[in-house]
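The values are calculated or read from the model by the stated rules, or taken from the named source; none is laboratory data. Because the structure is predicted, anything quoted here is derived from the model rather than measured. Virtual Cβ from ideal backbone geometry, glycine too; neighbours counted across all protein chains shown. Note: areas computed on protein heavy atoms with side chains; ligands, DNA, RNA excluded. Shrake-Rupley method; radii C 1.70, N 1.55, O 1.52, S 1.80 Å.
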Amino acid sequence: MTESKGSNDIGYSKAQTQRIADSIRRQILGIAIRNGGCYLAQACSSAEIVASLYTQVMNLGPSEGAWDAIPFPGVPGPGNMDYQHGFLYNGAPAPDKDRFFVSCCHYASVIYCALAATGRISPAALDKFNVDGWNMEMIGAEHSPGFENTAGSLGQTISIAAGTAHARKMRHEKGLVYCLLGDGELQEGQNWECIQAAAYYQLDNFIILIDANEQQVEGAIEDQMTEQHMSARFQS
């Protein structure tokens, strides 16, 4: 694949989107074999979600991130003003463009492979996955391609995303805000506080997507803490 900087203006058919989802799984299997491990369950459960977002759903500008993997850019601050943010791979922020937040930051390999499959980063950059000193980290952070922020504890990013949606609504911006969650992290109370606030402020520009794969690091979710009627809780 040549450098195309990945714009959504091209358009994808459903068959192309499915091929991209399949390629995400193949790429991550290769990454897992080369690195002796990776988050395979997330790739199996979220490939269609992420592929659909990048090819059918989100309105993004062309990537403005580096085409190849880059060395870790350091911590942003007054002495590091040239710091490269990961969100640039989804296009520079603009009033009419969408924003994408990834709360489940251990899904990083899925995001990287989606960026590579849609021409937003070089496929060769995947060779730097989880290599010390590079930006292609196994757990995504604010410098990782496709990421807006470091998630910290699971359940924090939704508040950042909702705050961004609230600000955009106040500014009358047309762009939407998408936030990808894992079902396991819905055990965190901050998620539900944020969802309650989003309903109160009527954030109709805020879209939450949940990869409900019924698994978490300790095993099946129902064996840890069931989410109990997830759809009904959101509707309420």
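Out of S46, S122, one residue alone is modelled with pLDDT of 95 or more, polar (S, T, N, Q) and either touching a Phe, Trp or Tyr at 6+ places or on another chain (Cβ under 7 Å) or open to solvent by 20 Å² or more (accessible area, probe 1.4 Å) (or both). It is S122. Are any of the residues in segment 116-126 over 22 Å from C38 (Cβ atoms), under 16 Å from the mean Cα position of the chain (by Cα), assigned to a helix (DSSP H, G or I) and in contact (Cβ under 8 Å) with a residue 60 or more places away in the chain? Among the residues of segment 116-126, not one is over 22 Å from C38 (Cβ atoms), under 16 Å from the mean Cα position of the chain (by Cα), assigned to a helix (DSSP H, G or I) and in contact (Cβ under 8 Å) with a residue 60 or more places away in the chain, which makes the answer no. Across segment 58-91, the qualifying residues are those that are crowded, with 19+ Cβ neighbours inside 10 Å and hydrophobic (A, V, I, L, M, F, W, C), and the one among them that is farthest from Y178 (Cα to Cα) is A69.
With A21, A69, A47, A41 as the choices, which residue is small (G, A, S), out of contact with any His (no Cβ under 9 Å at 6 or more places or on another chain), in a loop (DSSP other than H, G, I, E, B) and in contact (Cβ under 8 Å) with a residue 24 or more places away in the chain?
A69
The set of residues in segment 151-181 that are part of a loop (DSSP other than H, G, I, E, B) and at negative phi comprises A151, S153, L154, Q156, R171, E173, K174, G175, L176.
Only one of the numbered conditions (1) within 19 Å of S45 (Cα to Cα); (2) touching an Asp or Glu at 6+ places or on another chain (Cβ under 8 Å); (3) not in a helix (DSSP H, G or I) is violated by E148, and that is (1). Within segment 18-43, the set of residues being among the polar types (S, T, N, Q) and surrounded by 17 or more Cβ atoms within 10 Å (Cβ to Cβ) comprises S23, Q27, Q42. Residue check: is F100 open to solvent by 20 Å² or more (accessible area, probe 1.4 Å) and closer than 25 Å to T164 by Cα? No. Among the conditions (1) in a helix (DSSP H, G or I); (2) modelled with pLDDT of 95 or more, the only one that Y107 does not satisfy is (2). Taken over segment 177-191, residues that are open to solvent by less than 50 Å² (accessible area, probe 1.4 Å), farther than 22 Å from A43 by Cβ and under 20 Å from the mean Cα position of the chain (by Cα) amount to 2.
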